[in-house]
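For reference, the structure is listed below as structure tokens.
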Amino acid sequence: MTQPATPAQQDAPMPAAKSAPDKGGPGRPLGLRLDVRNLSLLGVLAVLVAVGGITKPDEFLATSNLQLVLTQASVIGVVTVGMTFVITSGGIDLSVGAIVALASVWATTVATQEFGFAGILFTALIVGVGCGLVNGLLIAYGRMVPFIATLAMLASARGLALQITDGRTQIVTVDSVLDLGIRDAYILGIPPLVLVFAAVTVVGWLLLNRTTFGRRTIAVGGNAEAARLAGIDVRRQRLYLYLLSGLCCGIAAFMLIVLAGSGQNTNGNLYELDAIAAAIIGGTLLSGGRGTIIGSVLGVLVFTTITNIFALNNLESAVQQIAKGAIIVAAVLVQHRTLRGSGDA
């Protein structure tokens, strides 16, 4: 027969429920793990700078080459910021490179250039946002798998870019656009495109880490059904995320126009690979629910530095792609091991 509880037992507090394991791993907060990852990427970047300085000291450490590395990182970096949001939400965007190409050729047609600087900038942005809108509607409201929807956009945008240019390079004749790429436009030795990249990075970090939009993005990526039950409009959030990715592609397209002084249907080739790889090695979880803008930026700098070192040492582009593929595989394996250790796998 069960004994009645004593007054002391009745007043005793109930044991607290065991909290869910942190995605950062057992005994280690998520923020600390991300800090360690960022420090590791900084270490990798330092090693690459040392390698470049040893193999080609006069060329790699030249101010002009360092400015070139940062400028090249700026274009793909802006795309990567948008990609980080998409991946954090549990999605993927394979069409970013094709959207950059389409926006760049549409913005450099003769008809568009008649409207000057504003016409080129507006066209690049509106084409990017328009493509993002199509992706978002297909995925959020058409319930298409992101892989399929963005793959279709990739093929369509590339085809349309080729049709617009007919395979020819479209030269920019607007001086106010071209002037942004010359040294006289540098501010304290910093190219304007690098400043644009820095601004996009700051805005992206604030948006992901300090706003309701960012918290909703992480919630949707972590568990879409739980986010829906919590009152988040998951479909609208996903639409906004692909609009954001398209906007970043439009900005990158304009930056590429300034950098190259032309629009080509081959622009943005393999940008999707570079952006996804940079986001993953930076610490953004491929399955969604975790993202880091700072880590993605460091990933971009790592890949751009590798490409620059390979180019200075006259190594084939095929070797570069093999190295990037190996880094992606290694990063994903590390993520799986981390998740398994934290009990989330």
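Considering only region 257-278, I want to know if a residue exists there that is touching a strand residue (DSSP E or B) at 6+ places or on another chain (Cβ under 8 Å), open to solvent by less than 30 Å² (accessible area, probe 1.4 Å) and assigned to a helix (DSSP H, G or I). Taking every residue of region 257-278 in turn, at least one turns out to be touching a strand residue (DSSP E or B) at 6+ places or on another chain (Cβ under 8 Å), open to solvent by less than 30 Å² (accessible area, probe 1.4 Å) and assigned to a helix (DSSP H, G or I). Per the listing Gly119, Gly136, Gly128, the residue uniquely of a type in the set (Gly, Ala, Ser), in a helix (DSSP H, G or I) and closer than 15 Å to Val100 by Cβ is Gly128. When every residue of region 169-191 is checked against the conditions, at least one turns out to be open to solvent by less than 70 Å² (accessible area, probe 1.4 Å), more than 16 Å from Val75 (Cβ to Cβ) and touching a Phe, Trp or Tyr at 6+ places or on another chain (Cβ under 8 Å). The residues on offer are Thr292, Thr307, and the sole one that is hydroxyl-bearing (Ser, Thr, Tyr), under 26 Å from Leu162 (Cβ atoms) and open to solvent by 10 Å² or more (accessible area, probe 1.4 Å) is Thr307. For region 208-221, give me each residue that is part of a helix (DSSP H, G or I), surrounded by fewer than 17 Cβ atoms within 10 Å (Cβ to Cβ) and free of Cβ contacts under 8 Å to residues at least 12 places away in the same chain. Thr212, Arg215, listed by residue number.
The residue list Ile76, Ile54, Ile92, Ile87 contains one member that is modelled with pLDDT of 55 or more and part of a loop (DSSP other than H, G, I, E, B), which is Ile92. Six or more apart or on different chains, Cβ atoms under 6 Å: show the pairs whose first residue is in region 158-177 and farther than 14 Å from Ala107 by Cα and whose second is acidic (Asp, Glu) and open to solvent by less than 50 Å² (accessible area, probe 1.4 Å). Every condition considered, no pair remains. Taken together, Arg238, Arg228 contain a single residue that is out of contact with any Cys (no Cβ under 6 Å at 6 or more places or on another chain), open to solvent by 60 Å² or more (accessible area, probe 1.4 Å), without any contact (Cβ under 8 Å) to a residue 40 or more places away in the chain and in a helix (DSSP H, G or I), which is Arg228. Of note, Thr284 does not satisfy the criterion of being of a type in the set (S, T, N, Q), open to solvent by less than 60 Å² (accessible area, probe 1.4 Å) and part of a helix (DSSP H, G or I).
Considering region 310-331, the residues that are under 19 Å from Glu272 (Cβ atoms) and of a type in the set (Val, Ile, Thr) include one that is least open to solvent (accessible area, probe 1.4 Å), namely Ile328. Being modelled with pLDDT of 95 or more, open to solvent by less than 70 Å² (accessible area, probe 1.4 Å) and out of contact with any helix residue (DSSP H, G or I) (no Cβ under 9 Å at 6 or more places or on another chain) holds for only one residue in Ala199, Ala157, Ala161, Ala149, and it is Ala199. Assess whether Gly142 counts as being at positive phi and loosely packed, with under 13 Cβ neighbours inside 10 Å. Judged against the criteria, Gly142 is not a match.
The values are calculated or read from the model by the stated rules, or taken from the named source; none is laboratory data. Every value quoted in this text rests on a predicted model; they were computed, and no experiment measured them. Cβ coordinates were reconstructed from backbone atoms using ideal geometry, including for glycine residues, and neighbour counts include every protein chain displayed. These accessible areas exclude ligands, DNA and RNA; they are computed on the full protein's heavy atoms, side chains included. Shrake-Rupley method; radii C 1.70, N 1.55, O 1.52, S 1.80 Å.
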